[in-house]
Amino acid sequence: MKKPGILLVTRSQKVCKTFENNLNMFFGSKIQIYFHHEHHPVDPEAMDKIDLVLLSTNGLPENLPKIRESVPTLVARRTIHLPNLEQLMDLAPGTRALFVTNNQELVKDSIALLQCFGFSHLHFIPYVPSEDTPVPDKHDVDLAITLGLPELVPETIETIIDLENRPIDLTTILDVARLLHLSVEKAHFYTAEFLRDFVQLGRNLAISVNNERRLKQELASILDAVHEGIIGMDEQGRITVFNEDAEKILKLSAKNCIGKAFSEVIPDFNVQEVFRSHAEVLDQVLETRNLHLLITKIPMMLDGQFMGAVVTFQDVTKVQRVEQEIRKKSIHLGLTTKYSFHSIIGVSSAIALAKQTAMKLSKSNFTVLITGENGTGKEVFAQSIHRASLRKEGPFVPVNFAGLTESLAESELFGYEEGAFTGARKGGKMGLFELAHNGTIFLDEIGDAPLSIQASLLRVLQERQVMRIGGNRVIPINVRVIAATNRNLLDMVRKGTFREDLYYRLNVLPLHIPCLRERQEDFFILIDYFLKSKNKELVFSEEARNILLHYNWPGNIRELENFINYLMVIVEDNQVRPEHIPERIVNAQAQHITGAAELAPASGIEEVKNIILVLSHHGSLADYEDILNILWMCSKRQERIGRKMLQSMLPRPLSEAQIRSKLSILSRWGCITVGVKKQGSQITPLGIQVLQSIQKKQKRLADHM
């Protein structure tokens with residue numbers, strides 16, 4: 001397998017060697033390193049092997065051969081080797097230090113880093129030698145500080161502190177790993193080494209009486225900023241450092257622990273092995289105090305003498321949460337939900353029962369099988385269940401089997417390793433089950449899954465483990481499965497096209513979503529919802545409403561929304577009439593009834609009920625009753641009435657805006673006609689039926705009070 005190639009582009013051979021050592025320490029034999037510096041230009045033939053260019057400074061040198069456009073470039077962020085900082089500890093405040101490098105950007109960055117490390121009491125003077133830069137007077141500086149470039153220091157300055165070449169910062173190492181899809185298993189070790197150096201530096205800094213209090217405070221702040229528990233001990237095993245994360249994880253007080261023997265305070269950690277062997281113990285998993293901890297123990301050595309130890313530890317569950325966040329952010333997929341139970345519109349008993357059942361199912365981790373016709377909102381329910389579950393902070397990963405071929409399905413679901421097949425992505429690819437770790441995977445159109453994939457799915461659901469294509473290791477997963485289909489899976493089981501064992505593995509918590517035909521009370525509410533969401537008003541004629549009420553709507557809510565979109569384009573005057581309705585709907589309605597005479601009585605009763613239901617969702621029925629009653633009285637005198645006159649005749653006060661809104665709703669559902677300009681409004685025969693029905697309903701309520 002080809003190793004990723006990294007081209008190091010630096011000004012000097014020394015920096016190149018430092019970068020090489022840093023990368024080899026972290027990645028070892030996993031990478032191939034190439035060089036380009038002033039004494040060693042890269043071979044142009046090697047450019048095809050380069051997968052990443054790592055620069056010591058901004059800008060590419062002119063003599064660098066052309067880089068392929070697909071190859072990323074990265075400017076290394078650099079730090080300072082902490083043990084070298086001991087040379088600065090005894091410098092008096094105000095010491096004038098000439099900071100010498102070969103690059104303006106590097107000198108500024110290095111001075112800022114030293115000030116961050118606590119050396120702000122020194123007076124740094126940046127100096128980059130050039131023909132235009134005057135050599136400073138030796139009386140204006142006390143000494144020179146350089147980063148592996150003592151030859152650049154002016155001869156007039158006698159005292160030189162060489163901090164050596166700056167190594168690559170850990171954040172850049174992680175960027176390299178991400179860009180080349182390399183594992184970062186040594187990151188914890190790298191961090192622990194850095195912390196060990198920092199603790200040792202802190203002990204040495206404390207020797208300086210003048211700086212002791214300030215440096216201790218700064219060191220404590222840095223240790224508390226690290227998102228790991230950190231405990232430091234002296235050579236006698238007494239606790240000297242106990243940071244905030246250690247307090248939070250172990251639920252112990254630093255004040256009560258510092259100065260005490262480590263083995264007395266936390267005997268479960270067993271640090272005696274480090275004290276006996278002076279050897280590191282890396283990434284040890286320990287169960288204690290109802291916690292799962294990942295522990296690293298590192299001895300502190302100074303000139304070959306044992307000075308104590310540092311223990312770093314993390315809560316494994318927190319590490320897994322962070323890993324999950326990194327997974328989601330680095331893969332740039334839409335793994336969040338869009339819908340919740342509030343997105344499910346309707347008041348019918350059928351949809352209310354489905355919604356109530358789904359809410360109960362969301363509280364468990366068992367597998368859910370959602371059934372229902374196309375367009376009924378199965379994914380809306382699936383997302384709502386996830387969003388109301390304990391897994392709501394985890395990813396929601398949908399996969400539709402109707403759009404997956406048999407060959408593609410396996411690699412998408414379970415992922416693959418690099419080189420697993422021709423065209424496999426470098427570094428491999430994570431499968432959808434892995435992406436859904438600690439979340440929910442939604443298997444849509446599960447009835448379309450090929451039999452070979454059904455067998456693999458069954459194994460994953462049983463074992464809760466996946467193995468990537470071309471891989472040799474089992475990856476544990478923690479996912480909740482929600483499957484959906486518009487097919488009769490039991491019938492498919494009888495015909496041998498769906499595995500019986502998989503059917504019973506999926507059908508743990510069944511949920512049926514009613515079709516639009518089973519929830520007629522929601523029909524007008526859904527139309528009203530779609531119109532409001534699109535900021536549009538449409539008024540349906542009585543004939544148009546009759547046609548729509550008796551159409552079968554095989555595409556359910558999806559078809560209804562598409563129909564509303566169609567009307568918004570076709571209808572120009574906001575009045576929907578039969579000629580605006582697509583022919584297929586009109587023809588289907590005509591086949592459903594035997595004649596208009598048979599339709600009128602049945603549709604009238606049902607339509608009036610639906611309109612009253614809509615009105616009740618838009619205010620008080622008593623207000624609509626008052627408006628319709630006044631319009632009816634005026635109609636008997638063959639009069640139309642305007643809004644201001646209507647407002648003056650109402651028994652209960654309503655604002656002009658409220659009246660305008662209610663007249664608009666009544667007009668939309670055919671209860672009144674609204675004239676242009678100052679012609680006023682008039683009640684329709686349907687409006688009279690609605691008024692009479694409201695009056696009967698109000699009378700029945702009054703009789704029961």
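No lab work stands behind these numbers, since they all come straight from the coordinates. Note that the structure is predicted; figures quoted are calculated from it, not measured. A quick note on method: Cβ atoms are made from the backbone with ideal geometry, for glycine too, and the neighbour counts reach across all protein chains shown.
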For the chain, what is the mean residue ellipticity at 222 nm derived from helices alone (per DSSP H run of n ≥ 4: -39500 (n - 2.57); sum divided by total residues; nearest 500 deg cm²/dmol)? -12500 deg cm²/dmol
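Tally Lys/Arg at +1 and Asp/Glu at -1 over every other residue whose Cβ is under 10 Å from the Cβ of residue 399; what's the total? Walk me through the numbers on the way to the answer.
Details: positive: none; negative: 412, 444, 445.
Overall, the nearby charge balance is -3.
How would you rank 613-621, 377-385, 648-656, 155-163, highest first, on the average number of other Cβ atoms within 10 Å across their residues? Walk me through the intermediate numbers first.
Numbers: 613-621: 15.8, 377-385: 23.7, 648-656: 11.0, 155-163: 13.4.
Those peptides, ordered most packed to least, come out 377-385, 613-621, 155-163, 648-656.
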Percent antiparallel among DSSP beta bridges confined to the chain, rounded to 5, stands at 45 percent
In segment 445-538, with Lys and Arg counted as +1 and Asp and Glu as -1 at Cβ, which of these residues, 525, 469, 503, has the Cα nearest the positive end of the dipole, that is, farthest along it? 469
What is the angle, in °, between the Cα long axis of helix 656-668 and the longest principal axis of the Cα atoms in the chain? Nearest 10 is fine, range 0 to 90. 70 degrees
Excluding residues fewer than 8 places away in the same chain, name every one of the lysines whose C-alpha is closer than 17 Å to that of residue 426. 2, 3, 30, 49
Magnitude of the Cβ-charge dipole (Lys and Arg +1, Asp and Glu -1) of segment 418-561 about the Cα centre, nearest 20 debye, reported as 820 debye
If you place +1 on the Cβ of every Lys and Arg, -1 on the Cβ of every Asp and Glu, and leave all else neutral, what size is the dipole of the chain about its Cα centre, to the nearest 20 Debye? 3560 debye
Sorted by packing (mean other beta-carbon atoms within 10 Å per residue), highest first, where do 694-700, 396-402 land? 396-402, 694-700
Cβ density ranking, 10 Å radius, fewest first, applied to 57, 133 yields 133, 57
Under the Karplus curve 6.51 cos²θ - 1.76 cosθ + 1.60, θ = phi - 60°, whole-Hz ³J(HN,Hα) for segment 155-160, x wherever Gly or Pro sits: 5, 6, 9, 8, 8, 10
What are the residues whose amide H is under 5 Å from the amide H of residue 555, where those residues sit 5 or more places off or on another chain and H is modelled from the backbone? none
Nearest-ten-degree value, helix 523-533 long axis tilted from longest Cα axis of the chain: 50 degrees
Could you work out how far apart the two model spin labels at residue 580 and residue 123 are, taking each label as a point 7 Å from the Cα in the direction of the beta carbon, and quote it in nm? 8.3 nm
Sequence-distant or interchain residues sharing an amide H contact under 5 Å with residue 424, placed H: which? 419
What ranking of 371, 146 emerges when the number of other C-beta atoms within 10 Å of each C-beta is taken as an exposure proxy, fewest first? 371, 146
Environment charge of residue 416, counting only residues whose C-beta is closer than 12 Å and scoring Lys/Arg +1, Asp/Glu -1: -1
How do 43, 623 rank when sorted from fewest to most other Cβ atoms within 10 Å of their own Cβ? 43, 623
Report the one residue of 483, 679, 295 whose Cα lies farthest in the direction of the positive end of the charge dipole of the chain (charges on C-beta: Lys and Arg +1, Asp and Glu -1; origin at the Cα centre). 679
If you take every DSSP beta bridge fully contained in segment 341-514, what fraction is antiparallel? Give it as a percent rounded to 5. 20 percent
Mind checking the angle between helix 212-225 and the chain's longest principal axis? C-alpha axes, 0 to 90 degrees, to the nearest 10. 40 degrees
Assigning unit charges at the beta carbon (Lys, Arg +1; Asp, Glu -1) and nothing else, what dipole magnitude in debye, to the nearest 20, does segment 82-166 show about its Cα centre? 280 debye
Starting from the 7 Å offset along Cα-to-Cβ, what nm value, one decimal, do you get for the label separation of residue 130 and residue 426? 3.6 nm
Can you find, among 74, 435, 181, the residue sitting farthest towards the positive end of the charge dipole of the chain, where Lys and Arg contribute +1 and Asp and Glu -1 at Cβ? 435
Run the numbers on the chain and let me know its relative contact order in percent, using alpha-carbon pairs under 8 Å that are six or more apart. 7 percent
